[in-house]
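Report on the structure given below.
The values are calculated or read from the model by the stated rules, or taken from the named source; none is laboratory data. Keep in mind that this is a model prediction, so the values were computed, not measured. Glycine also receives a Cβ, built like all others from the backbone with ideal geometry; neighbour counts cover every protein chain displayed.
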Amino acid sequence: MARLLAALAVAGSLALASGCGSSAQKPSIRIISSQVIGPNVILDVKITGWKMAAPVQGLRPKPRTGQWQIFAGDRYVGYSDQPTYGVLTDMPVGTYKVWVALAHTDYSLVYPLIRSQQVTVRVGGGKLYTTETE
């Protein structure tokens, strides 16, 4: 009986160590809203299961910790280490498909990629434009 109890205790501690039964959320990011004011794009995001931290060169990244990067099409255009918003400044006039993805503190993207849906933003000369979510 003692062996059975010891085996169950070991199995239980292994399950907890591996994350089984853990309440930790899988990391995710999504764009809640976006606004364009002149050449600036403001993104409001919702992030779960992720701890925000500024990029740091040379240190080994911690799990589920870092910033989020901003893309227009397939081009990197900036990052934010704020938990709810990011701002792109001085964007050229044009229409962009903007999306965001979680990244570690060493700037590397999380693999497999954890990204948001795209939003279409139209940047124009000094006017306020609406955006749309896809």
Report task. Just give me the residues in the range 78-87 being in a strand (DSSP E or B) and among the β-branched types (Val, Ile, Thr), in sequence order. Result -> Val87
Report task. Find all pairs meeting these conditions: Cβ atoms under 6 angstrom apart; at least six residues apart or on different chains; first residue within the range 20-46 and closer than 15 Å to Val119 by Cβ and acidic (Asp, Glu); second residue loosely packed, with under 13 Cβ neighbours inside 10 Å and at pLDDT below 95. Result -> none
Query - Complete set of residues in the range 107-126 that are farther than 30 Å from Gly58 by Cβ and hydroxyl-bearing (Ser, Thr, Tyr) - result: Thr120
Report task. Tell me which residues, restricted to the range 47-77, are outside any loop (DSSP other than H, G, I, E, B), within 21 Å of Tyr96 (Cβ to Cβ) and free of Cβ contacts under 8 Å to residues at least 24 places away in the same chain. Result -> Arg75, Tyr76, Val77
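Please verify whether the range 88-109 includes one or more residues that are assigned to a loop (DSSP other than H, G, I, E, B) and among the hydrophobic types (A, V, I, L, M, F, W, C). Give the steps one after another, and end with the answer.
Going residue by residue through the range 88-109, those that are assigned to a loop (DSSP other than H, G, I, E, B) are 89-93, 105-108.
From the residues that got through so far, the ones that are among the hydrophobic types (A, V, I, L, M, F, W, C) too are 91, 93.
The answer is yes; a qualifying residue exists.
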Report summary line: Taking the range 109-134 and the residues there that are at pLDDT below 95 and among the polar types (S, T, N, Q), the one that is farthest from Gln69 (Cα to Cα) would be Thr130
**Report entry** Filter result (more than 15 Å from the chain's Cα centre (by Cα) and on the phi > 0 side of the Ramachandran plot) within the range 41-80
**Finding:** Gly58, Gly73
Query raised in the report: Which of the residues that make up the range 71-104 are β-branched (Val, Ile, Thr) and either modelled with pLDDT under 95 or within 19 Å of Gly124 (Cα to Cα) (or both)?
Result: Val77, Val87, Thr89, Val93, Thr95, Val98
